[in-house]
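Read-outs: derived from the displayed coordinates by stated rules, not from any lab. Predicted model, so just to flag it, every value in this text is computed and none were measured. FYI the Cβ positions are ideal-geometry reconstructions off the backbone, even for glycines, and counts take in every protein chain you see.
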Amino acid sequence: MKITQYTRDILLEVAKKKKVYVEGNFLKLIEPEPGDTEFEEYLQICKEKDASARKKRLSVTKQVQQQNKELVAKQEENDALMDELQSALEEAKNAEWEAQKLREEAEKGKEQALEDLELMQKKTQFELIGKIVTVALWVILGVGLITTLLFAFTLIMGQENPILESTWSNLFGILLTNSFSIIGTIMGVKYATEKDN
């Protein structure tokens, strides 16, 4: 493509004064007039500057692409770290939940053991109280029966024995008092242990 003399002169003047040259694919279209060495040199300089600018742009583009690759790799690394952190947090939550569950089970086991121990203590106390009452009743019955038989024997024999009469009377009074005392003590102990619990 041929350009006018006016355009040619403006291009040369802008290049000399402002150091601005034509760039890009437009250079391929411009043809100098035959024998116009000054404009040929101008176009050669324009092509060299265009090639240099293209190389710079290509270098910047490659650098940007490399930085983008590095940024993408860093982002992927950060994503992987975030996934690992999230997984670790989930595992920590699960471990805390398991620990809480174990504490609750241990607490329930402790409460159950204390209840079983208390039940065994009560059972042992009731068995002991039952044995004490049974032995006391047998002793009372035995002593009362023996004393009554002795007293009846003396009456049948026709012998009056004031000592045996008073002993029989006192003995029944003592046995009756002691039996009530034993039963009262047992009931008091039972009441006290129930009140403490």
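What is the local net charge at Ala51, summed over the other residues whose Cβ is closer than 15 Å to its Cβ (Lys, Arg +1; Asp, Glu -1)? Within the 15 Å Cβ shell, the charges total +4. Take the Cα of Gln5, go 7 Å toward its beta carbon, and the backbone nitrogen atoms of region 35-73 under 14 Å from that spot belong to 36. Over region 53-162, all Cα pairs binned in 10 Å intervals from 0 give whole-percent P(r) values of 11, 12, 11, 9, 9, 8, 8, 7, 6, 5, 4, 4, 3, 2, 1, 0, listed from short to long. When the chain is treated as a GNM with alpha-carbon contacts under 10 Å, the residue of Asp50, Asp36, Asp79 showing the greatest mean-square fluctuation is Asp36.
Most tightly packed first, judged by the mean number of other beta-carbon atoms within 10 Å of their residues, the peptides 1-11, 86-96 read 1-11, 86-96. Around the amide H of Asp36, modelled in the peptide plane, lies no amide H under 5 Å away from a residue 5 or more places distant or on another chain.
Looking at this model, which pairs from Lys17/Lys49; Lys110/Lys131; Lys19/Lys62 are more than 20 angstrom apart at the alpha-carbon?
Numbers: Lys17/Lys49 16 Å; Lys110/Lys131 31 Å; Lys19/Lys62 27 Å.
Violating the 20 Å Cα-Cα cut-off are Lys110/Lys131; Lys19/Lys62.
Please determine, in degrees from 0 to 90 and to the nearest 10, the orientation of helix 162-196 with respect to the longest principal axis defined by the Cα atoms of the chain, where the helix direction is its Cα long axis. Taking the Cα atoms of the chain, the angle to 162-196 is about 10 degrees. Over region 1-92, the fraction of Cα-Cα pairs per 5 Å bin, rounded to whole percents and listed from the shortest bin up, is 3, 11, 15, 14, 9, 7, 6, 6, 5, 5, 5, 4, 4, 3, 2, 1, 0. For region 10-28 versus region 146-186, the spacing of their alpha-carbon centroids is 147 Å.
In whole percent, what relative contact order does the chain give with Cα contacts below 8 Å and a gap of six or more residues? It would help to have the intermediate numbers written out before the result.
Numbers: 50 pairs, mean separation 24.8, N = 197.
Value for the chain: 13 percent.
Please report, in debye to the nearest 20, how large the charge dipole of the chain is about its Cα centre when each Lys and Arg carries +1 at its beta carbon and each Asp and Glu carries -1 there. Mind dumping the intermediate values first?
Details: 26 positive and 33 negative charges, 181 e Å.
Charge dipole, the chain, about its Cα centre: 880 debye, nearest 20.
Once every Cα of the chain carries one equal point scatterer and solvent is ignored, give the base-10 log of I(q)/I(0) from the Debye formula at q = 0.18 Å⁻¹, two decimals. Result of the Debye calculation: -1.18.
Work through the residues other than Gln5 whose Cβ is under 11 Å from its Cβ and net out their charges, Lys, Arg +1 and Asp, Glu -1. Provide the component values of the computation, followed by the final result.
Working: positive: Lys2, Arg8; negative: Asp9, Glu33, Asp36.
Net of charged neighbours comes to -1.
For the chain, the longest principal axis of the C-alpha atoms and the axis of helix 5-18 are separated by about 50°.
Per-residue ellipticity at 222 nm from helix content only, as computed over the chain with -39500 (n - 2.57) for each DSSP H run of at least four residues, stands at -33000 deg cm²/dmol.
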